[in-house]
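I have placed the structure first, in the form of structure tokens, so that the comments after it can refer back to it.
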Amino acid sequence: MSDAVARPKDLPVDLTLSESELEAHREHITAFVRSVVDDAGADGAVIGLSGGIDSTLTAHLAVEALGAEAVHGLVMPSDVNTEGNMSDAERVAEMLGIDYDVVDIEPIVDAFVDAYPAGEDHRMALGNVRVRTRGVLNYFVANAESRIVLGTGNRSETLTGYYTKYGDQAVDCNPIGNLYKRQVRQLADHVGVPEDLVEKPPSAEMWVGQTDEEEMGLSYDLLDAVLVLHVDGPLSTAATASTLDVDESVIDRVDELYATSEHKRHMPPAPDALSL
Ligand SMILES: Nc1ncnc2c1ncn2[C@@H]1O[C@H](COP(=O)(O)OP(=O)(O)OC[C@H]2O[C@@H]([n+]3cccc(C(=O)O)c3)[C@H](O)[C@@H]2O)[C@@H](O)[C@H]1O
Ligand SMILES: Nc1ncnc2c1ncn2[C@@H]1O[C@H](COP(=O)(O)OP(=O)(O)OP(=O)(O)O)[C@@H](O)[C@H]1O
Ligand SMILES: [Mg+2]
């Protein structure tokens, strides 16, 4: 694990949900998924399966909500995904008993690079193309099979903008969108997701070796604590830093992620109507 990741021990903020609270979230989320599908008049849902905890938990709850026959999984490997994650994604589909397809996205990504060769060496731009390509495939299936696209965004990602605009956030709903990352792990454990998947380090897998915590520079547990106390909560920068026993620069970093991602949490703006 990199030294650049701020990871204090024994954080004094406890996000742990009780068993009855976890059960309440489970029922609330499954009811939500059912109502989104019903209100849309859709026949079911489609979800991208990455082998990560967000998609694993969301797929699990979708099957509880809709039944396995109503959920279609897409496993979409690229050249930068590990085989372990892709086989975990297939394992999840098989465990849940859902239909799934494996679609290699690299030829599609290659077509984008052929169309715009100057982008090839831009790691982030190319990673975002991989993410957006999966979004296009999700909607291809959703349109053709009358399904809604299930997103897997959680509150920690939403508040930091840690997703690709019109990529993995291009979805019809985010069932786990109100849970901080730590609570995602807890709920996954509660509903019976295997421990190795619950404990796996989160990765966007947009390039080889990427991990969320290294890129953001702080652990999810610390990030979640700052979000709860300061971004969602009432504490000042100084009070949050003092409560968590971290440097104020950590809080500033989270504030910066929150502020610079504001545009991702809104519909694209247009000028005010001009009355002539
Ligand atoms: N102020 C502003 N107002 C309106 N639009 C603004 C803007 N600033 C940038 N933009 C637009 O947004 C674009 C940048 O946003 P975007 O394309 O999303 O790209 P960006 O935010 O630069 O990168 C995506 C971030 O999300 C992470 N990610 C992506 C996908 C999945 C996961 C995961 O956890 O699985 C994580 C990824 O590692 C990276 O840190 C700019 O090119 C511009 O078009
Ligand atoms: N190779 C892939 N195949 C299919 N879907 C993918 C793939 N990579 C990413 N996705 C989709 O994009 C979503 C966002 O990725 P993200 O990494 O945030 O979540 P995750 O992989 O489920 O969990 P973790 O944060 O633990 O890695 C995934 O939940 C999944 O729906
Ligand atoms: Mg992932």
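Do we have Met86 as under 19 Å from the mean Cα position of the chain (by Cα) and either buried (at least 20 other Cβ atoms within 10 Å of the Cβ) or at pLDDT 95 or above (or both) here?
In short, yes.
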For the condition touching a residue at least 12 places away in the same chain (Cβ under 8 Å) and more than 16 Å from ligand 3 (Cβ to nearest atom), what is the one hit in Asp114, Asp99, Asp88? Asp99
Candidate set from region 112-128 (those that are farther than 11 Å from Trp207 by Cα and hydrophobic (A, V, I, L, M, F, W, C)); member that is surrounded by the most Cβ atoms within 10 Å (Cβ to Cβ): Phe112
Looking for something part of a loop (DSSP other than H, G, I, E, B) and not hydroxyl-bearing (Ser, Thr, Tyr) - is there at least one such residue anywhere in region 126-149? no
Restricting attention to region 172-209, the residues that are surrounded by 19 or more Cβ atoms within 10 Å (Cβ to Cβ), hydrophobic (A, V, I, L, M, F, W, C) and within 15 Å of ligand 3 (Cβ to nearest atom) number exactly 7
Every residue from region 222-252 that is within 16 Å of ligand 1 (Cβ to nearest atom) and under 11 Å from Ala6 (Cα atoms): Leu223
Please state which one of His25, His72 is in contact with a Lys or Arg (Cβ under 8 Å, 6 or more places away or on another chain) and touching a residue at least 60 places away in the same chain (Cβ under 8 Å). His72
Please work out if Val37 is hydrophobic (A, V, I, L, M, F, W, C), buried (at least 22 other Cβ atoms within 10 Å of the Cβ), assigned to a helix (DSSP H, G or I) and more than 15 Å from ligand 2 (Cβ to nearest atom). yes
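The values are calculated or read from the model by the stated rules, or taken from the named source; none is laboratory data. These numbers were taken from a predicted model, which means no experiment stands behind them. When we count neighbours, we look across all protein chains shown, and the Cβ atoms used for this are built from the backbone with ideal geometry, even at glycine.
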